[in-house]
Each structure stands twice: as C-alpha cells, then as structure tokens.
Amino acid sequence: MKVNADLNRCQGHGLCRMAAPEVFELAEEDGHVLVKMPSVPPELEDAAVTGVEACPELALSLRD
Ligand code: SF4
C-alpha cells in the first residue's frame, strides 16, 4: 500500500500524525504533512488508513 499527500490541500491539522505517527510527520518549516513511509508495510496499513480517513482536507490518498 502506498500513501500520497496533496500539499495544496494540507492545512497542517496534524490529525494524520496523531492516528499514525509511524507513517506521518509534520514539517517543522511549514507545518505541512510529510509522509515518512510512502510505502506502508502490512503491519501499519490499518494505522495508515485511519490517518488518511482522519484528514479533514481530503489531502491524503491510498493506492495498492
Ligand atoms: S490531517 Fe490532513 S490537513 Fe492535517 S496535517 Fe494531515 S494531511 Fe495535512
């Protein structure tokens, strides 16, 4: 599973990081999301999905 972030949508709420800190980080410079783990291993897929679904800006997407 792969995660993609649309930085034009991201508003830096940080809900993705709260849900899956192993996968998502926030950049210190501008507060936008950084996908630490663009290729998500199976054991973190549930957390990654929760993080993607938590984003109120629909900035995150998943693909296989
Ligand atoms: S939850 Fe969405 S808007 Fe907030 S930091 Fe994560 S990607 Fe950006």
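Rule-based calculations on the coordinates, nothing more; no lab input. Fair warning: this is a prediction, and the values are worked out from it, not measured in the lab. Because the Cβ atoms are built from the backbone with ideal geometry, glycine has one as well, and the counts that use them run over all protein chains shown.
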With +1 on each Lys and Arg Cβ and -1 on each Asp and Glu Cβ, and nothing else charged, work out how big the dipole of the stretch 2-63 is about its Cα centre, in Debye to the nearest 20. 160
Take every Cα-Cα distance within the chain, group them into 10 Å bins from 0 onward, and report for each bin the whole-number percent of pairs it holds. 26, 61, 12, 0
What's the extension gain from residue 32 to residue 46 if we count 0.36 nm per residue and subtract their Cα-Cα distance? 2.8 nm
Can you tell which of 47, 19, 27 shows the greatest fluctuation in a Gaussian network model of the chain with Cα springs below 10 Å? 27
Taking +1 at the Cβ of each Lys and Arg and -1 at the Cβ of each Asp and Glu, which of 3, 20, 34 sits farthest along the dipole of the chain towards its positive end, judged by Cα position relative to the Cα centre? 3
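By counting other Cβ atoms within 10 Å of each Cβ, how are 6, 64, 30 ranked from fewest to most?
Numbers: 6 13, 64 4, 30 9.
Result, fewest neighbours first: 64, 30, 6.
Please work out how much length the chain gains when fully extended from residue 39 to residue 64, using 0.36 nm per residue of separation minus the C-alpha to C-alpha distance, in nm with one decimal. Kindly include the intermediate steps, with their values, before the conclusion.
On the way: separation 25, 0.36 × 25 = 9.00 nm, distance 0.94 nm.
Result for the pair: 8.1 nm of gain on full extension.
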Report the gain in length on full extension from residue 25 to residue 6: 0.36 nm times residue separation, minus Cα-Cα distance, nm rounded to one decimal. 5.4 nm
Determine the relative contact order of the stretch 2-63: mean sequence separation of Cα pairs under 8 Å and six or more apart, normalised by residue count, in whole percent. 46
What angle do you read, to the nearest 10 degrees and between 0 and 90, between the alpha-carbon axis of helix 45-54 and the longest principal axis of the chain? 30
